[in-house]
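A.B. asks: Submitted below is the structure of interest, expressed as structure tokens.
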Amino acid sequence: MTDAPVATVLVPGPAVSGPILRLTEPLSFWGGVDPVTGRITDIRHPEHGQCVAGTILMIPETRGSSSSSSIMLELIRAGAAPAALVLDRVDAILVLGILVAREMGLSHPPAYRLPRAAMAELAGIAALDRQGRITCLDALPEQPT
């Protein structure tokens, strides 16, 4: 296991783990992510076809849309949201979708801020605790049955 820097908690949530999906370019969730499946649908995006569902989604920055919050909320409602959202440049509109889900009583991913340079050091599978500590793992932890 490798320890990484501690991320700043933006929206608290449960401890989570999942494969890291680090985007190499900014992404607009409106028109760029399928709100039902979580697939990246923007054909110009380098990660086109990848699925954000269940991942530790690391986004250095987004490409703005005032509708990103609604797409995040739809991802959460559809069970296709990332396990956690990790941003360098905080997108308040995108994070708003998580806050709305929380207010609606929906299970929601936590959101964190982590500098881009720290994101670049992480790969594979990660676990994030409630305080924002990130640990890279060799495999996903077993889920209780």
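A.B. asks: With the structure loaded, tell me whether residue 39 is modelled with pLDDT of 95 or more and in contact with a Cys (Cβ under 7 Å, 6 or more places away or on another chain) or whether it fails that test.
C.D. replies: Yes.
A.B. asks: Let me ask another. Would a scan of the stretch 74-85 turn up a residue that is small (Gly, Ala, Ser), out of contact with any helix residue (DSSP H, G or I) (no Cβ under 7 Å at 6 or more places or on another chain) and modelled with pLDDT under 95?
C.D. replies: Step one: of the stretch 74-85, the residues small (Gly, Ala, Ser) are 78-81, 83-84.
Filter again for out of contact with any helix residue (DSSP H, G or I) (no Cβ under 7 Å at 6 or more places or on another chain), leaving 78-80, 83-84.
In the following step, the residues that additionally are modelled with pLDDT under 95 were identified as none.
Scanning the stretch 74-85, I find no residue that is small (Gly, Ala, Ser), out of contact with any helix residue (DSSP H, G or I) (no Cβ under 7 Å at 6 or more places or on another chain) and modelled with pLDDT under 95, so the answer is no.
A.B. asks: Only strands (runs of 3 or more DSSP E) wholly contained in the stretch 27-145 count here; list those with 2 or more residues that are touching a residue at least 24 places away in the same chain (Cβ under 8 Å), touching a Pro at 6+ places or on another chain (Cβ under 6 Å) and closer than 19 Å to residue 11 by Cβ.
C.D. replies: Because the criterion is at least 2 residues that are touching a residue at least 24 places away in the same chain (Cβ under 8 Å), touching a Pro at 6+ places or on another chain (Cβ under 6 Å) and closer than 19 Å to residue 11 by Cβ, the strands (runs of 3 or more DSSP E) in the stretch 27-145 that meet it are 84-87.
A.B. asks: Let me ask another. Exactly one of (1) at pLDDT below 95; (2) crowded, with 16+ Cβ neighbours inside 10 Å; (3) of a type in the set (Asp, Glu) is unmet by residue 34. Its number?
C.D. replies: Failing condition for residue 34: (1).
A.B. asks: Sort out which residues of the stretch 6-18 are in contact with a Leu (Cβ under 8 Å, 6 or more places away or on another chain) and either over 20 Å from residue 68 (Cα atoms) or surrounded by fewer than 17 Cβ atoms within 10 Å (Cβ to Cβ) (or both), and write them in order of number.
C.D. replies: Result: 7, 8, 15, 16, 17, 18.
A.B. asks: Another question, then. Those residues that are of a type in the set (Gly, Ala, Ser) and over 14 Å from the mean Cα position of the chain (by Cα), I need them from the stretch 124-144; list them, please.
C.D. replies: 124, 139
A.B. asks: Another question about this same structure. Being exposed (fewer than 15 other Cβ atoms within 10 Å of the Cβ), at negative phi, over 14 Å from the mean Cα position of the chain (by Cα) and not polar (S, T, N, Q), is that true of even one residue in the stretch 49-65?
C.D. replies: Yes.
A.B. asks: Residues 71, 76: which one is β-branched (Val, Ile, Thr), surrounded by 19 or more Cβ atoms within 10 Å (Cβ to Cβ) and touching a His at 6+ places or on another chain (Cβ under 9 Å)?
C.D. replies: Working: 71 fails: touching a His at 6+ places or on another chain (Cβ under 9 Å).
Of 71, 76, the one residue that is β-branched (Val, Ile, Thr), surrounded by 19 or more Cβ atoms within 10 Å (Cβ to Cβ) and touching a His at 6+ places or on another chain (Cβ under 9 Å) is 76.
The values are calculated or read from the model by the stated rules, or taken from the named source; none is laboratory data. In this text the structure is predicted, and so the values were computed from the model without any measurement. Methodologically, a virtual Cβ is constructed for each residue, glycine included, from the backbone with ideal geometry; neighbour enumeration extends over all protein chains shown.
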